[in-house]
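> The structure follows.
The values are calculated or read from the model by the stated rules, or taken from the named source; none is laboratory data. All figures in this text were calculated on a predicted structure; none of them were measured in a lab. FYI the Cβ positions are ideal-geometry reconstructions off the backbone, even for glycines, and counts take in every protein chain you see. For the accessible areas, the whole protein counts, side chains as well, though only heavy atoms, and no ligand, DNA or RNA atoms are used. Shrake-Rupley method; radii C 1.70, N 1.55, O 1.52, S 1.80 Å.
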Amino acid sequence: MVLRQSFLIILAFFGMVLCGLIYLNTNQNSCKPQIIEKVITKKNWKLKNFGLRSPVGFVYNQPSALVSRTDVASVTSWLAPIIWEGTFDATLIDFIYKQQNLTIATTVFALGKYTRFLKDFLESAEQHYFVGFRVHYYLFTDHPEEVPEVKMGENHRLIVRKVPSMNRWQDISMGRMEILEKLIKNELASEADYIFCLDVDAKFYGRWGVESLGRLVGVIHPWYFDAPRDKFTYERRPESQAYIPVEEGDYYFTGAAFGGSLEDVHHLTKTCREQMNIDIANSIEALWHEESHLNKYFLHNKPSKLLSPEYLWRDINAWAAQIKVVRFSHVAKNNAEVRPNA
């Protein structure tokens, strides 16, 4: 009798354990659809990652671990490359990246009298900018009827978007961040792999290609590439969200050209837009507007690749020995004549 009772107690105990395991397994399984749903609803950025594959039998110049340019730095202190003429093999990297079937979105703003720069910008871009790759130009203008007819190369196309006119050039400059943020989020997330945001009052004179691609790309300003940080025109007022103390700073980056992957540039534009809105609420405007906020962003979110001033020179700049080729350059202009409130 006692043995039978013990057997029943043991049997009941194992029954309870088995029921508990079944319950836990069922409860865990019920959580799985929620986890899957979260993964599915996450933004699906289109950036490809095939690695840097060199085709079998492809012949190119041997790189050297000993010989390189000695007049410039080709890497930052956080190990990001700085792209100069003589630091890459264009034939090799073009061959590598063409296998990836990339699309490069490129935004340009031409409001008011700035439409006069479109013809030179587009025609020179078609000669030098990502030649042989798929490029979609997104042109924002308040005068779409003034957009010139420019023959686009193979896999290049121009999309024109009308935007409202603005009375201050500062508002045009700062408003770009919000427009770019929305464009990336609403349209480009599944349409492009990389994006560059370029000033229209500039012209291409040399190659701008896949050597410039990276997750987050900044262009070193041509006026300050050889200056100490205390000479940089950062925003120095602590009241501004763009504030950078005199003892801080890496490089001074231009707001006329920047880019990277869609995900990284979306985060950049969103952050800068939010910081500018805080400044507006506090009745303060950073010294160089969105460029000031861009430099603050790059200080704490280091670019993965830097482009030398070859990628944004100025036609009025004196020549510098370090600049072996000018690829993209601001054209000479009368700011007082083209800007609405200069």
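> For the range 189-231 and the range 50-123, what is the centre-to-centre distance using only Cα atoms, to the nearest Å?
10 Å
> Name all residues of the range 279-317 having a backbone nitrogen under 12 Å from the label point set 7 Å from the Cα of ARG237 along its Cα→Cβ direction, giving them as ranges.
Residues 279-289 fall inside that zone.
> Another one. Give the residues of the range 135-149 whose amide nitrogen is closer than 12 Å to a point set 7 Å from the Cα of LYS182 in the direction of its Cβ.
none
> Could you sort HIS300, HIS267, HIS293 by accessible area so the largest value comes first, with the probe set to 1.4 Å? Don't skip to the answer; put the middle values down first.
Details: HIS300 120, HIS267 95, HIS293 10 Å².
Order by accessible area, largest first: HIS300, HIS267, HIS293.
> Let me ask you something else. Using the basic label-point model (7 angstrom from Cα toward the beta carbon), what is the GLN322 to VAL75 distance in nanometres?
The two pseudo-label positions are separated by 1.8 nm.
> Which value, in Å², gives the accessible area per residue of the range 118-163 when a 1.4 Å probe is used on the protein heavy atoms?
Values: 2370 Å² over 46 residues.
Value for the range 118-163: 51 Å² per residue.
> Here's a follow-up. What FRET efficiency would be calculated for the residue pair LYS333, ALA189, taking the C-beta separation as r and a Förster radius of 41 Å, to the nearest 0.05?
Working: r = 35 Å, r/R0 = 0.85.
Approximately 0.70, to the nearest 0.05.
> Need the full-extension length gain, LYS113 to ASN101, defined as separation in residues times 0.36 nm minus the C-alpha distance. One decimal, nm.
0.7 nm
> Return the subset of LYS203/LYS270; LYS98/LYS182; LYS98/LYS296; LYS98/LYS270; LYS182/LYS296 for which the Cα-Cα distance in this structure is over 25 Å, preserving the input order.
LYS203/LYS270; LYS98/LYS182; LYS98/LYS296; LYS98/LYS270
> Let me ask something else. Which aspartates and glutamates does LYS162 reach when only Cα atoms under 18 Å apart count, and residues fewer than 8 places away in its own chain are ignored?
Cα-Cα hits under 18 Å: ASP142, GLU145, GLU146, GLU149, ASP171, GLU178, GLU181, GLU187, ASP199.
> Please list MET276, MET166, MET152 from largest to smallest accessible area, probe radius 1.4 Å, with all protein chains kept in place.
Sorted descending by solvent-accessible area, the residues read MET166, MET152, MET276.
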